[in-house]
Structure formats: structure tokens, C-alpha cells
1. Give me the helices (runs of 4 or more DSSP H) completely within segment 299-374, filtered to those with at least 3 residues that are touching a helix residue (DSSP H, G or I) at 6+ places or on another chain (Cβ under 9 Å), touching a residue at least 40 places away in the same chain (Cβ under 8 Å) and more than 26 Å from ALA420 (Cα to Cα), ordered by residue number.
2. If I filter segment 150-168 down to residues being part of a loop (DSSP other than H, G, I, E, B) and over 18 Å from the mean Cα position of the chain (by Cα), which single residue comes out as nearest to GLY204 (Cα to Cα)?
3. Mind checking which pairs have a first residue in segment 233-257 that is more than 19 Å from ARG207 (Cβ to Cβ) and a second that is charged (D, E, K, R) and modelled with pLDDT of 60 or more, Cβ under 7 Å, 6 or more apart or different chains?
4. Condition first: more than 32 Å from the chain's Cα centre (by Cα), under 20 Å from ALA202 (Cα atoms) and open to solvent by 10 Å² or more (accessible area, probe 1.4 Å). Can you find one or more residues in segment 22-39 that meet it?
5. Among (1) touching a Leu at 6+ places or on another chain (Cβ under 7 Å); (2) surrounded by fewer than 16 Cβ atoms within 10 Å (Cβ to Cβ), there is one condition LEU308 misses while meeting the rest; what is its number?
6. Within the bounds of segment 163-177, is there any residue that is open to solvent by less than 60 Å² (accessible area, probe 1.4 Å), over 23 Å from THR64 (Cα atoms) and at pLDDT 90 or above?
7. Give the residues of segment 63-97 that are among the hydrophobic types (A, V, I, L, M, F, W, C), in a helix (DSSP H, G or I) and open to solvent by 10 Å² or more (accessible area, probe 1.4 Å), sorted by residue number.
8. Tell me which residues, restricted to segment 280-305, are surrounded by 15 or more Cβ atoms within 10 Å (Cβ to Cβ) and of a type in the set (Val, Ile, Thr).
Amino acid sequence: MADLFAQDDVSAEAEGGPLADRLRPRTLTDVVGQDHLTGPDGAIGRMVAAGRLSSIILWGPPGTGKTTISRLLADAVGMRFEPISAVFSGVADLKKVFAAAKDHARMGQRTLLFVDEIHRFNRAQQDSFLPFVEDGTVTLVGATTENPSFELNAALLSRAQVLILRRLDAAALELLLDRAEALMERPLPLDAAAREALIASADGDGRFLLNQVETLYSIDLPEALDPAGLSALLHRRVAVYDKDREGHYNLISALHKSLRGSDPQAALYYLARMLTAGEEPLYVLRRLVRFASEDIGLADPQALVQCLAAKDAYDFLGSPEGELAIVQACLYCATAPKSNAAYKAMKSAWKSARETGSLMPPQNILNAPTKLMKQVGYGKGYEYDHDAADGFSGANYWPEEIGPQTFYEPTERGFEARVAERIAYWNKLRREQGEA
């Protein structure tokens, strides 16, 4: 598998192969963009210096060097490299690998077992690694693009160190372009702006970048391309976004927190990231509706109205016209005054309801549809608020065993400030009536 890609010591066997293979690193120092791990002070650098590896999980986006680093790690400490893919392997394959590793261990040769896409193994398959990792039969190096916290067994995670690979930044991708040009002994047929656009199109994926470079070198171009010409020739990489995995949850979290932080520009950016990557618009709308209640509430009651109207507009217009209504709802929520008073009140009220059980309300506010219920006092002494002065009776509505409670405490932001004034007014009348 091709990953990250040096120009020196190119083998004769790779000379006719794909560009990414021909630029594969020969040492860990040739790997680009992961100095925080492979440098002298990085976790991998320290392991190599000590000459001994512990089991690790390499977690990072595609095209950042997970496979290459694993292979070079084995070379650096003199271990046998045994690669398998969780996509194509099962328990029978694992048993053969472990048996072979035991045979080599008896001859004094340690085995680095590299498992690509390790998150694709189910829980039982992941458990099968445990005894062989614990007794040192293999040193496990797993590679995954998914969050190990969600995808790997806790028992396996407790026996392996998780190392995070970064998406390649512009400087790292530029270095790959320089290496490709040195190998090909000619510059890329791009002007400066197109070169920047090519790097941006890779979205941090070095392997994708080199595949695009190989396409450019395979075409006889009469002159250097500008960004428009490059776009017409090459397809932009689709953003990494799994709608049921971590990318999904990361972006919806970023959208929600940008809205809560009243940053309409960032909120619109994350909304665009989700929708352009193929997120279901109705999912985004559901989250906006929830936000309107949780983080705005009565500080601006129109926020909920706007979000529900956006849902109706999207249902009516469809895509792409309906997306503008989602944008409007997003911007409205981002710029609205914020309050989580209703959310906090709900949690407090629910907690009290669970704790107090089946307490009876005071009898004066209970209906009495039967003669017996009237005889035992249901509804006796009820004061009809509309007949009272100021339309307010000041009656007690709480079970005798707990007395009045306070769950909802409005803020002074937005419309909720007026709500706070109303509650203060009613509390004042209640006190006055109690003193009379």
C-alpha cells in the first residue's frame, strides 16, 4: 500500500510503478507531516531510539502515512512485518498469523502485526488479539480512520497506545510536490495559483495529491494550467465525512457550539461543511429545532418558529432551493439572544418529579365530576383567577408535602427579561396576598 513518499533510494522494482510507490519513504525521517510522532521527542521516535515497540493504534485521516509508518517501524527495530487487512481477513486468517508469529518467536524473531482498518473487525475478532498481545507473540500496530473510543474494545485499547496522525498541512503537501518534481525531473504544468488549488484540493491526503500529480504528468499540456483549467481537468477530492461516524458528530458539535457562541460566520461554515458533504438536510433541521429550545428558549420565542418554518420551507421547495431556508434559520439562531433557562428548568422539574413520586395535588385545584368527589372535598375553595382582582388569585398549586419550588429562572436577555418581570410581578402579588 502506498503512503508517504520519499525521493531517495528508489528501488528498481518501483521505477515503473505508481508515483506514490516510487516516492514511498525509506526511513521514518522521510515521512512528512507527522514530526510530532516520528521526531526525536515524539512517541514513535522514542520507541525507535529505545529499540523496543509497544502495541499502538495509529488513528488519522486517509493518506497521512499510517501504513508506511508501520512498515518503517518494523524495519527500524528489526522486527518481522506481517500486514493484514480487516476488510479481507477473518478469524481463520488471524489464527494462521498468530501460529506463524509463534514459530518465528521460537527462532528469536519478533513480529509486528499491522492491521489495516482495524475498526472493521467485530468485537469478538478484536478480543482474539488479546492473549497474543499480552504474551508478546505479536506487537500490534492497528490503523484506523475512525475514533478508537467508539470502534475498538476497551480491553484492546487498554493494551495499546493511541497515536493521532494529523492531516497533512500545506507545507507537508508542498514538500510532496517538490519530491515528485525532483523525481520526474521537471516542474508541474501549473501556475502558482493552480499549484495552491491543487494542494487545497487534496484536503490533507498525501496519497490523493500524488495520484493527481501523476495524472498531470501523464498528459501532454501545451502550457501551464490556471486554477480554472486545473478544475476542468481534475476532480476535487470529496471531503471525508461518514454520516454515522465521528466526522458527523464532530461537525454537528462544532455547528451547535458556534451557534451557542453567537458566531454566525462559523455556524454557517459548519452548516456548509455538512450539507456539501452530503448530510441529510432534515437531520440538520432537527438539530436547529433542538437548539432553538435548548439554547435560546424564551429569550427569543421566534427562534423555534423560524426553525420549524425552515423545515416546512425545505419540505415545500426541496433541494437546492430549500437550503436557503436552513441558512436563514441557522443565522437567526446564531444571532438570537441566548438562554438555557428552559432547558435547566426541564431538568430540575424532571428530577423533582422522579424523586417525589405520586404526591396528590391540593384538593382545591382538582376537578370533581362525581358527587362522591365533591363530598370528599375535590374542588372545594377553588378560586377562578379571571374573577379575581388583576386576574390573579394567588392560590397554592403545590402538593402539601413539598410546597412551592422554583425550576424556571429566566435570564435578563432578550424577551426573557420581560418574562422575568411578569414572574416577579406575580410573586409580589402572592406575597402581598399572603400578608393580607
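The values are calculated or read from the model by the stated rules, or taken from the named source; none is laboratory data. Since we're looking at a predicted model, the values are computed, not measured. No Cβ is skipped: glycine too gets one built from the backbone with ideal geometry, and neighbour counts run over all protein chains shown. Protein only, heavy atoms only, side chains kept; ligands, DNA and RNA dropped before computing areas. Shrake-Rupley method; radii C 1.70, N 1.55, O 1.52, S 1.80 Å.
1. Qualifying helices (runs of 4 or more DSSP H): 323-335.
2. LEU168
3. LYS243/GLU279; ARG245/GLU146; GLU246/GLU146; LEU251/ARG273; ILE252/ARG287; HIS256/ARG287
4. yes
5. Evaluating LEU308 over (1) touching a Leu at 6+ places or on another chain (Cβ under 7 Å); (2) surrounded by fewer than 16 Cβ atoms within 10 Å (Cβ to Cβ) leaves (1) as the failure.
6. no
7. Result: LEU72, ALA76, VAL77, VAL91, ALA92, VAL97.
8. VAL284, VAL289, ILE296
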